Amino acid sequence: MAGKMKRHLLFWAFVGPLVFAFFVVVVMPFLWGIYYSFTEWNGIVRSQVEWVGLRNYIDLFDDEQFIYSFWFTARFAVVSVILINGIGFALALMVTQPLRSSNALRTVFFMPNLIGGLILGFVWQFIFIQVFAALAEFLHLEFLNGWLSTPETGFWGLVILMTWQMAGYTMVIYIAALQSIPGELLEAAEIDGSTLWSKTRHIIIPLVAPAFTINMFLMLSNAFKLYDQNLSLTNGGPFNSTQMLAMNIYNTAFQFDKMGYAQAKAVIFFMVVATVSIIQVRMNKRREVEY
């Protein structure tokens, strides 16, 4: 009995502080956020909190900028998730081949992920504006002029930045999955005369399906929550045409001092991301195979 009590005390001595910190930092602000989503508040004076019920949620359906930011973010998430996972998987296949430079290539491909989002945004802003303009003048390619000055080029600028930053991250997860595939399966496929494409399609991809599930979940949530890169690359411009959901919520709360309305947006944002992520994980789980 004493030994069991001792184990319980040791367990809570290690886990208790983490549970307390999680409750204070995550759970309590989340619950308070839900409460404030039913109020009108400027985020400063607590005595001026006014209960308005569902009015904030009803107003969301008439907020054209919020709806536009939602669909812009959804389109960005779909395109970037596909590109990041496709390129990350291709890089993983390349660096797991018997190449002398495979270790160096892994380092090079992963390095962009170590750079902060704000810095990356400013770096790519220089590339898109200054470098592209110089290339347009030198190569007489007019379509390179004025990047980030239109909604479409701003959209693809964000996609390129996100893909360049996160492809190396997904590559590492795919490498771990590829290296866990039994070599006997691949050797048997080669003996049977399978081509590289056939081997990749029928053996490698089904066996690394759990890695696809993880990477798609991580990249989907990151794409929806993107803020730093959006701020430093386009700042939502031109005319809020590249403003993503996170920036729209932030501006509503801290630029227009509508904390209650911003909290309502954040609650809807959370519900959408959670629903999409759960559906994506369950659909991918059904396609996974065991070995």
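Assorted remarks:
- Qualifying residue in region 14-27 (condition: farther than 30 Å from Ile214 by Cα and part of a helix (DSSP H, G or I)): no
- Some residue of region 83-97 being outside any helix (DSSP H, G or I), β-branched (Val, Ile, Thr) and either surrounded by 10 or more Cβ atoms within 10 Å (Cβ to Cβ) or out of contact with any helix residue (DSSP H, G or I) (no Cβ under 7 Å at 6 or more places or on another chain) (or both): yes
- Qualifying position, being touching a Leu at 6+ places or on another chain (Cβ under 8 Å) and among the β-branched types (Val, Ile, Thr), among Thr73, Thr107: Thr73
- Any hit, region 83-94, residues being in contact with a Phe, Trp or Tyr (Cβ under 8 Å, 6 or more places away or on another chain), more than 30 Å from Tyr169 (Cβ to Cβ) and of a type in the set (A, V, I, L, M, F, W, C): no
- Qualifying residue in region 263-282 (condition: over 30 Å from Asn215 (Cβ atoms), modelled with pLDDT of 90 or more, surrounded by 14 or more Cβ atoms within 10 Å (Cβ to Cβ) and among the small types (Gly, Ala, Ser)): yes
- Cβ-Cβ distances below 7 Å connect the following pairs, each with a first residue in region 213-239 that is more than 12 Å from Leu161 (Cβ to Cβ), a second residue that is modelled with pLDDT of 90 or more and of a type in the set (Phe, Trp, Tyr), and a separation of six or more residues or different chains: Tyr227/Tyr250.
- Exactly one residue out of Leu185, Leu120, Leu144 is out of contact with any Gly (no Cβ under 6 Å at 6 or more places or on another chain), surrounded by 18 or more Cβ atoms within 10 Å (Cβ to Cβ) and in contact (Cβ under 8 Å) with a residue 40 or more places away in the chain, and it is Leu120.
- Among the conditions (1) loosely packed, with under 10 Cβ neighbours inside 10 Å; (2) within 20 Å of Tyr261 (Cα to Cα), Phe14 misses just one, which is (2).
- The set of residues in region 46-82 being assigned to a helix (DSSP H, G or I) and β-branched (Val, Ile, Thr) consists of Ile58, Ile67, Thr73, Val78, Val79, Val81, Ile82.
- Being more than 27 Å from Tyr35 (Cα to Cα) and not in a helix (DSSP H, G or I) is a description that does not apply to Arg106.
- In this structure, Thr252 does satisfy being of a type outside the set (A, V, I, L, M, F, W, C), within 25 Å of Glu64 (Cβ to Cβ) and in contact with a Lys or Arg (Cβ under 9 Å, 6 or more places away or on another chain).
- Selection of helices (runs of 4 or more DSSP H) fully inside region 172-291 by the criterion of at least 2 residues being under 29 Å from Gly157 (Cα atoms) returns 209-224, 228-233, 245-254, 259-287.
The values are calculated or read from the model by the stated rules, or taken from the named source; none is laboratory data. It should be emphasised that the depicted structure is a prediction, and the values quoted were computed from it without experimental measurement. Backbone-built Cβ (ideal geometry, glycine too); neighbour counts: all protein chains shown.
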